[in-house]
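Trainee: My questions all concern the structure below.
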Amino acid sequence: MIEMLAHILVLAGLVISALLVFYFRDLMAAALASGFFSFLISLEFYILQAPDVAISQAGIGAGLTTAIFIIAIRGTQRYEEAGK
Amino acid sequence: MMRMSKIVRTCADLMYPFVVIFGWYVIMHGHLTPGGGFQGGAVVATGAALVIVAYSYQEITSMLKKAVLMVQESTGLLLFIGAGLGGMVLGFPFFFNWLANSGSLFGMSVPYGPNPGELNTAGFLPLMNIAVGIEVWGGLTLVILYLLSGLEKGEA
């Protein structure tokens, strides 16, 4: 029962954070929402009893991919222009 | 000369040792607990990426040298293949576990029955985890450092 509740909460959080990536006009906030999506996916892997996949996902997805996005934002503008 | 605010830099300084120590914990216990060389190396590289993101390129190049990271990556790969070839030198097949139950480094025999796990076991598997950890740490840090250096050269 409590496991089912954890699944529902994590999956709802996944959908919400994925929608937030499209909602934010601030690219830094969008990158951080994408990192939060990866963190929730790693939590879901842990609940599904794959702890080593969870560690990989937390390291590569939530850590390094977010760092690459933040470095890429340094090369462009921080705010997305409206209507483009 | 672009860098993050003082809050981000202080948090990165505070987080860095804990992230690196957790990554080395995952590497060293690779033969007992979930994780291993790749996962632990990725966690250590995340700690390095934290510092790279927080500071400017000029400050990063005084902390991390690309040549050192390249040597580190190659050292990890050489250590990995050297551990595999060590069995052939002693007359065993390639990748034979020539250190297991030998009584020397990582050579204790595995205790019988349910037990919490003994770190000093498993032969050359910990050596391979350390080699892969060093290699992944150097490689992934190098990827991020090259991305940042390409950006800086484009701006100048």
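We did not get these values from a lab; they are worked out from the coordinates using the rules stated. Keep in mind the model is a prediction, meaning the values are calculated, not measured. Counting neighbours? That spans all protein chains shown, and the Cβs are built from the backbone with ideal geometry, glycine included.
Trainee: Could you tell me which of rounded, prolate or oblate describes segment B:6-155, using a ≥ b ≥ c as the square roots of the eigenvalues of the alpha-carbon gyration tensor, with rounded for a/c under 1.5 and, failing that, prolate when a/b is larger than b/c and oblate otherwise? Mind showing how you got there, number by number?
Mentor: On the way: a/c = 3.97, a/b = 1.83, b/c = 2.17.
Oblate is the answer for segment B:6-155, as a/c is 1.5 or above yet b/c matches or exceeds a/b.
Trainee: Further question: Average partner chain C-beta neighbours within 10 Å, per residue of B:134-146? Before the final figure, lay out each step's value.
Mentor: Working: counts 0, 0, 2, 0, 0, 0, 5, 1, 0, 3, 4, 1, 0.
Per residue, the average neighbour count from other chains is 1.
Trainee: Per residue of B:40-49, count partner chain C-beta atoms within 10 Å of its C-beta, then hand back the mean as an integer.
Mentor: Details: counts 2, 1, 9, 6, 1, 5, 8, 2, 3, 9.
Taking the mean over all residues of the peptide, I get 5.
Trainee: Relative to the longest principal Cα axis of chain B, at what angle does helix B:37-54 sit, 0 to 90 degrees, rounded to 10?
Mentor: 10
Trainee: I need the shape label for the protein assembly as shown. Rule: rounded when a/c is under 1.5, else prolate if a/b > b/c, else oblate, with a, b, c from the alpha carbon gyration tensor. It would help to have the intermediate numbers written out before the result.
Mentor: Working: a/c = 2.75, a/b = 1.47, b/c = 1.88.
Since a/c reaches 1.5 but b/c is at least a/b, the shape of the protein assembly as shown is classed as oblate.
Trainee: Let me ask something else about it. For a quick protection proxy, order the peptides B:97-106, A:51-60 by their average other-Cβ count within 10 Å, most packed first.
Mentor: Working: B:97-106: 14.5, A:51-60: 20.8.
Order by mean packing, descending: A:51-60, B:97-106.
Trainee: Also, quick follow-up: How many angstrom lie between the C-alpha centres of segment B:60-90 and segment A:23-49?
Mentor: About 33 Å separates the Cα centre of segment B:60-90 from the one of segment A:23-49.
Trainee: How much mean residue ellipticity at 222 nm does the protein assembly as shown get from its helices, if each DSSP H run of length 4 or more adds -39500 (n - 2.57) and you divide by all residues, to the nearest 500 deg cm²/dmol? Write out the running numbers ahead of the final one.
Mentor: Values: 9 runs with 161 residues, N = 240.
One gets -22500 deg cm²/dmol as the mean residue ellipticity at 222 nm.
Trainee: Of the peptides B:43-49, B:87-93, B:131-137, B:111-117, how do they stack up when ordered by the mean number of other Cβ atoms within 10 Å, highest first? Mind showing how you got there, number by number?
Mentor: On the way: B:43-49: 26.6, B:87-93: 10.9, B:131-137: 24.3, B:111-117: 7.4.
In decreasing order of mean packing, B:43-49, B:87-93, B:131-137, B:111-117 become B:43-49, B:131-137, B:87-93, B:111-117.
Trainee: Measure nothing but the geometry: give the 0 to 90° angle between the long axis through the Cα atoms of A:2-23 and the longest principal axis through the Cα atoms of chain A, rounded to 10°.
Mentor: The angle comes out at about 10 degrees.
Trainee: Using the crude model of +1 on Lys and Arg Cβ and -1 on Asp and Glu Cβ, and no other charge, please compute the dipole size for the protein assembly as shown relative to its Cα centre, in debye to 20. Spell out each step's value before the answer.
Mentor: On the way: 10 positive and 13 negative charges, 109 e Å.
Its charge dipole is roughly 520 debye.
Trainee: Right, next: Summarise the partner chain shielding of A:75-81 as one whole number: the mean count of Cβ atoms from other chains within 10 Å of each residue's Cβ.
Mentor: Working: counts 8, 1, 0, 0, 0, 0, 0.
Partner Cβ neighbours, averaged per residue: 1.
Trainee: Here's another thing I want to ask about it. For chain B, what does the relative contact order come out to in percent, with C-alpha contacts under 8 Å and a separation of six or more?
Mentor: Values: 235 pairs, mean separation 44.6, N = 156.
Relative contact order for chain B comes out at 29 percent.
Trainee: Which angle between 0 and 90 degrees, to the nearest 10, do you get for helix A:27-47 versus the longest principal axis of chain A when only C-alpha atoms count?
Mentor: In chain A, helix A:27-47 runs at an angle near 10 degrees to the longest axis.
Trainee: Can I ask one more? Farthest toward the dipole's positive end in the protein assembly as shown, which of B:S56, A:S17, B:L127, given Cβ charges of +1 (Lys, Arg) and -1 (Asp, Glu) about the Cα centre?
Mentor: Projecting each Cα onto the dipole axis, the largest value belongs to B:S56.
Trainee: Can you find, among B:T141, B:V19, B:G37, the residue farthest towards the positive end of the dipole of the protein assembly as shown? Put +1 on the C-beta of Lys and Arg, -1 on that of Asp and Glu.
Mentor: Most positive-ward Cα: B:T141.
Trainee: So for each of B:54-63, A:2-11 I average, over its residues, the number of other beta carbons within 10 Å; can you give me the resulting order with the highest mean first?
Mentor: Details: B:54-63: 15.6, A:2-11: 10.8.
Order by mean packing, descending: B:54-63, A:2-11.
Trainee: Let me know the shape class of segment A:2-74, please: from the alpha-carbon gyration tensor, a ≥ b ≥ c as square roots of the eigenvalues, rounded when a/c is under 1.5, otherwise prolate if a/b is greater than b/c, or oblate.
Mentor: Details: a/c = 4.96, a/b = 1.47, b/c = 3.38.
Here segment A:2-74 falls in the oblate category.
Trainee: Can you run phi through the Karplus equation (6.51, -1.76, 1.60; θ = phi - 60°) for segment B:91-104 and list ³J(HN,Hα) in whole Hz, with x for Gly and Pro?
Mentor: x, 9, x, 4, 6, 6, 7, 7, 9, 5, 6, 8, x, 9
Trainee: Would you work out the relative contact order for chain A, in percent, from Cα pairs under 8 angstrom that are 6 or more residues apart? Working shown, then result.
Mentor: Values: 77 pairs, mean separation 25.7, N = 84.
With pairs under 8 Å counted, the relative contact order is 31 percent.
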